[in-house]
Every structure is written in structure tokens, then in C-alpha cells.
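Worksheet for the structure shown next.
Values quoted throughout were computed directly from the atomic coordinates according to the rules given, and no laboratory measurement underlies them. Treat the numbers as computed from the prediction; the structure is a model and nothing was measured. Cβ sites come from the backbone with ideal geometry, for glycine too, and all protein chains shown count toward neighbours.
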């Protein structure tokens, strides 16, 4: 695993170069659909690896005032703040996910997991940290890429498959659903899994 400052430099460079293929410029359809059915708008929500955080913008605009975003790069956070000047600055967190402390009812996954190279970071740390950050009964919800991970290939996004992912999540979560995503955006159709994992 690279040191934090090197990892931060990597992501800063990606944003500066506009090399952000994961950034679709609007809230992901599967996440928007999930958010639209949530009745309690007071729940505490975290979006780690949020980038430009269009999902957080959508949540904020729809009355979810306890939404927090976290990213290792400050550049997309500044962009988000500029677009959403009324969003509380203390809910915009520049930092390392694995060092973050907090308690949340819901954590949203959107192109975050796929940024970790399995050769460098034990993916089980991700599941363990998600478990730690969630309140009892809290949920980890989102989409995971299901294209194959090719060992030795160094370009993100890194993929995987349903069976592999479940080995990380089963120790910590009840699997409410983890199936092929039926409402992916067209470029990602057939390449995403939608999951709802509830903390044990």
C-alpha cells in the first residue's frame, strides 16, 4: 500500500488531468433509486471516496441534512463546496477512509471499492472498516463492478466477482441483496452488482 501522501498525489493528478472516467457527472441511477425510497431523512449518511459527490448533492437537495462526504483528494471536495455553498463545511471531510472515525446509519458505495488494488490492499479491511463505521442495523448500499480483475494490471477500476466480494462481506454483514444491477447507466450495463448489506 502506498503512503497516504503518494496516494493523495495520485488522485490529485487524476483530477487535474481530467482522467476521471468513473465520474459520470450526475447521481448514479441505482443509488438515486435507492435514495428515493428512504423515508427517514434524518439518518446519518457517509459517502467515502466521494469524488465530486453528485449523490451527496442529490441527497442534500432532497432534505438529507446529515450527509457526509469523504475523499483523500481535496480537489473534488473543493469543487463540491463551490457547487453547494450551503452544504455544511464540517460534513466535507478531507482524509483517509481507513483512519476516519464516525457512526452512520447508511454508507453509500459508488466506485470506491474498485479503486483499491487487491495486490496492495487487503479488501477485507474495507469490509471491516465499513462494519466499524456503521451503527447497529446500519446498511452499506451501492454498486460494485463485476468485470474480471486481471492480476498484474495496474489501471483502475479494479474488478472482481460476486463470489469473491461475498467472502469479504459475509463475516460482517447480512446479505439483504447482491445481484446483477437492473438499472445501471448504459455504459455500465451488465457490469455492476447492486448490494444491500446490513451490519450484523
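Annotation: average projected area of segment 19-102 is 5.6 square nanometres, based on the convex hull of Cα atoms across all directions. Across segment 69-185, the mean sequence separation of Cα contacts (distance under 8 Å, 6 or more residues apart), normalised by length, yields a relative contact order of 24 percent. Taking the simple approach of a point 7 Å from Cα along Cα-to-Cβ for both residue 175 and residue 101, what is their distance in nm? My value for the distance between the label points is 3.4 nm.
Binning all Cα-Cα separations of segment 54-139 at 10 Å, short to long from zero, yields these whole-percent fractions: 15, 48, 32, 6, 0. Could you list log10 I(q)/I(0) for segment 50-200 at q = 0.14 Å⁻¹, which the Debye formula gives when each Cα is one point scatterer? Listed by q, the Debye log ratios stand at -0.73.
If a spin label sat at a point 7 angstrom from the Cα of residue 196 along the line to its beta carbon, the backbone N atoms of segment 121-149 nearer than 14 Å would be those of 138-143.
Put in line by how crowded their Cβ is, counting other Cβ atoms within 10 Å and starting with the fewest, 111, 167 read 167, 111.
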